[in-house]
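Chemist: Right, I'll just put the structure down here and ask away after.
The values are calculated or read from the model by the stated rules, or taken from the named source; none is laboratory data. Predicted, not measured: the structure shown is a model, and the values here were computed from it. Counting neighbours? That spans all protein chains shown, and the Cβs are built from the backbone with ideal geometry, glycine included. These area figures cover heavy atoms from the full protein model, side chains too; ligands, DNA and RNA do not enter into them. Shrake-Rupley method; radii C 1.70, N 1.55, O 1.52, S 1.80 Å.
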Amino acid sequence: MRFGLRELIFLVVLLAMPGAAYFFVFQPKNQLQQDARTEIVAKKAKLTALDKATQQFINLDQEIVRLQGAIELIEQKLPDDRETFVVVNRVADLARSYDLKVEKIKPDKVVSAGPYASELPIRMEIKGGFEGFYRFMLEVERMPRITQMPLMNLERSDDKQDEEGTMNATMTLSIFFES
């Protein structure tokens, strides 16, 4: 068999076919497959993140019920604005029950304490024995309403007519109520 130009061209074309097929068919298909795999991995990651987020919300109804119970508990401790003076009278009665003399009760301006509550600061001056005052403070602390005492000044009484251990207390009692 004779090997000429025609056979050489045929051999070159025959060998070029797989090379051309690789560059024009297989390589684009491989790129499409790689892109599809990358997209699948990204979507699996999103599904995993969504699954985690969904697991957090499985008990959402129970969490809502729990938080509503906490809100109701706080609302029970917040009187409405008409009941603030009931709380003031309760504090004054407590002071008197421990042999303390309430010399002055003066409400200040109502201050906002957030979107749901307001604060009524009340300046009080009390005179009496320290032991009674201490028991009075313990009772104020145990009150079911939300109260706060941001300012308190205790001084020994300078009055010569007072007994030993008598003191004067000037304090601000803040009562929180629903706004």
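Chemist: For residue 134, state whether it is open to solvent by 90 Å² or more (accessible area, probe 1.4 Å) and hydroxyl-bearing (Ser, Thr, Tyr).
Modeler: It is true that residue 134 is open to solvent by 90 Å² or more (accessible area, probe 1.4 Å) and hydroxyl-bearing (Ser, Thr, Tyr).
Chemist: Separate question: Just name the residue that is farthest from the chain's Cα centre (by Cα) out of those in region 113-131 that are open to solvent by less than 40 Å² (accessible area, probe 1.4 Å) and aliphatic (A, V, I, L, M).
Modeler: Once the filter is applied, the top-ranked residue is 126.
Chemist: Still on this structure, I have one more. Go over the candidates 86, 65, 110 one by one and state the one that is under 30 Å from residue 175 (Cβ atoms), open to solvent by 60 Å² or more (accessible area, probe 1.4 Å), free of Cβ contacts under 8 Å to residues at least 40 places away in the same chain and in contact with a Ser or Thr (Cβ under 9 Å, 6 or more places away or on another chain).
Modeler: 110
Chemist: Which condition from (1) more than 25 Å from the chain's Cα centre (by Cα); (2) closer than 30 Å to residue 71 by Cβ; (3) aliphatic (A, V, I, L, M) is the one that residue 102 breaks?
Modeler: (2)
Chemist: Out of all the residues in region 89-100, which are surrounded by fewer than 13 Cβ atoms within 10 Å (Cβ to Cβ) and either under 17 Å from residue 154 (Cβ atoms) or in contact with a helix residue (DSSP H, G or I) (Cβ under 9 Å, 6 or more places away or on another chain) (or both)?
Modeler: Once the filter is applied, which keeps residues that are surrounded by fewer than 13 Cβ atoms within 10 Å (Cβ to Cβ) and either under 17 Å from residue 154 (Cβ atoms) or in contact with a helix residue (DSSP H, G or I) (Cβ under 9 Å, 6 or more places away or on another chain) (or both), region 89-100 yields only 97.
Chemist: Also: Sort out which residues of region 156-179 are more than 39 Å from the chain's Cα centre (by Cα) and open to solvent by 60 Å² or more (accessible area, probe 1.4 Å), and write them in order of number.
Modeler: Result: 156, 158, 159, 160, 161, 163, 164.
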